[in-house]
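Quick notes on the structure that follows.
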Amino acid sequence: MNKKKNNINYYEVFGISPTASSEDINTAHKALAKMYHPDINSSEDAHEKMAMLNDAHDVLSDTVRRKKYDSELRQSRQQGSDQEKSSSPSSRAVEPNQTAETKRSRTTADAQIRAERAEVLRKKAEERLKTVEAAQKKRMEQAQRKAEEAARKHRQRKVEVNRNDVINELSALVMDDNAKRQKNMEVDEERYHATKVLLSMARKDDSRLRRMTEEAERKQRIDEILTLVKEINEKKEWV
């Protein structure tokens, strides 16, 4: 690893922690590659930034190279700390301006990459939130439709129960009316047979039997009239 690459903190380029997992490294690389790939980004430094991203990914995605890089990064930081302690104000004053500008430029580029990566992550979070809200809304709509369908079926069952109750009541009334008619028919049939017998006996010129027969016929007519009136009244009440 050359000196130039030693001066670049690949973790800061991806905006991740030195303890980040391989999945975090791949995710960061893909997100930033979509922003800085020369086929997408037409800026002048797109090639340089893309090369930096690829270098960082090649090193951090390889377990052996990553361990070596972490070791060199710690040594570089230690050396920098030692140099700052041992250097005097006069020695720092004679440091070339070009080196300071290079460091500032690199720091600015790294900060820009981190800011853009943060923007990408923010947009992804917003999209994920929209997806979750849409799924929740869909579940609520499905639950509402199920509740409405259950209420409709309940109302339908209730109407069917009420209809069955009415049918049962009407059936009971019809059966009761038929029973009454059947009873009246049996009574009328008995009267008919009795009248027939009396008429047969009256043909023998028995005056007493003839009077009884005439009285029975008269009473039968009266009973028939009374029965008819009663049936008419019952029909009016039923209607």
key: Environment charge of Arg163, counting only residues whose C-beta is closer than 15 Å and scoring Lys/Arg +1, Asp/Glu -1   = 0
query = Over what distance in Å are the Cα centres of segment 145-201 and segment 216-236 separated?
reply = 23
ask   = In the neighborhood of Ile40, defined by Cβ-to-Cβ distances under 13 Å, what is the net charge if each Lys or Arg adds +1 and each Asp or Glu adds -1?
value = +1
query = By the scheme Lys and Arg +1, Asp and Glu -1, what is the net charge of all other residues having a beta-carbon under 9 Å from that of Lys180?
reply = -2
key: Backbone HN-Hα couplings from phi across segment 123-135 [Karplus 6.51/-1.76/1.60, Hz, Gly and Pro as x]   = 5, 5, 5, 5, 5, 5, 5, 4, 5, 5, 5, 5, 5
task = Starting with the highest mean, order 8-15, 129-136, 56-63, 67-74 by the number of other Cβ atoms within 10 Å, averaged over the residues of each peptide.
result = 8-15, 56-63, 67-74, 129-136
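Rule-based calculations on the coordinates, nothing more; no lab input. Being a predicted model, the structure only gives us computed values, none of them experimental. When we count neighbours, we look across all protein chains shown, and the Cβ atoms used for this are built from the backbone with ideal geometry, even at glycine.
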